[in-house]
Amino acid sequence: MGWLSHLFSKFRLGSNRYNTGKDLDSNPDISQREAIIRKLKLTSNLDKNIKIISQLYGNSPDLIIRRFRLGRAQIPSALLCLEGMFARDSVEEILRALEIDTLKIPGGIFQGRGLLQKIEDHLLPNQQIHTTPKIREICQKISGGKTALLFAGVGEALICDTSGLEKRSLTEPASETTIRGPRVG
């Protein structure tokens, strides 16, 4: 419970544009916390955005944050996903497109909303992509196996469908062979 109070005090969420209309005491109840999280939006500061999302996940080691630089302009960027919830080949394809294929874009890379449009149109045209500025939605999508792409100077994230839960095969366990009963592990 202390992590959210720390988040409120660290980013002054109760006193700035995220104000819910009520004064936040040192220990807001769950409905107040949910209202604040519902109103959180990305800023143009990449490091601050990553820090907020990481804190909402409790600094979990399962949250993968892959930083990289985009194009000749070397725009700081980050890819966020949860370990075991995504298809590795899809994420590798996205990273290859963003790190290597950005050099082939006609007219170069733009800043802001133009950057997101260029990426959607030229780099990831086959992906199911949508954009969102809401941190709550980003966390929900990451938890569902999707991948979020964040860029410095942009207050929106690209959400790519990379769902692919790891599954184990149905085989007979080697250490538990029996004569009777089911043979599926």
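Is it true that Arg96 is touching a residue at least 40 places away in the same chain (Cβ under 8 Å), over 17 Å from the mean Cα position of the chain (by Cα) and surrounded by fewer than 15 Cβ atoms within 10 Å (Cβ to Cβ)? When the stated conditions are applied, Arg96 does not pass them.
Considered as a group, the residues in region 19-50 that are basic (Lys, Arg) and modelled with pLDDT of 85 or more include one that is least open to solvent (accessible area, probe 1.4 Å), and that residue is Lys48. Taken together, Ser54, Ser60 contain a single residue that is modelled with pLDDT of 90 or more, of a type in the set (Ser, Thr, Tyr), part of a helix (DSSP H, G or I) and closer than 19 Å to Thr147 by Cβ, which is Ser54. If Phe86 satisfies every condition in (1) farther than 20 Å from Val154 by Cβ; (2) free of Cβ contacts under 8 Å to residues at least 60 places away in the same chain but one, which is the exception? For Phe86, the exception is condition (2). Is one or more of the residues making up region 162-184 at pLDDT 70 or above, out of contact with any Phe, Trp or Tyr (no Cβ under 8 Å at 6 or more places or on another chain) and not in a helix (DSSP H, G or I)? Within region 162-184, none of the residues are at pLDDT 70 or above, out of contact with any Phe, Trp or Tyr (no Cβ under 8 Å at 6 or more places or on another chain) and not in a helix (DSSP H, G or I).
The values are calculated or read from the model by the stated rules, or taken from the named source; none is laboratory data. Source: prediction; values computed, not measured. No Cβ is skipped: glycine too gets one built from the backbone with ideal geometry, and neighbour counts run over all protein chains shown. Just so you know, the surface numbers come from the protein's heavy atoms only, side chains and all, with ligands and any DNA or RNA stripped out. Shrake-Rupley method; radii C 1.70, N 1.55, O 1.52, S 1.80 Å.
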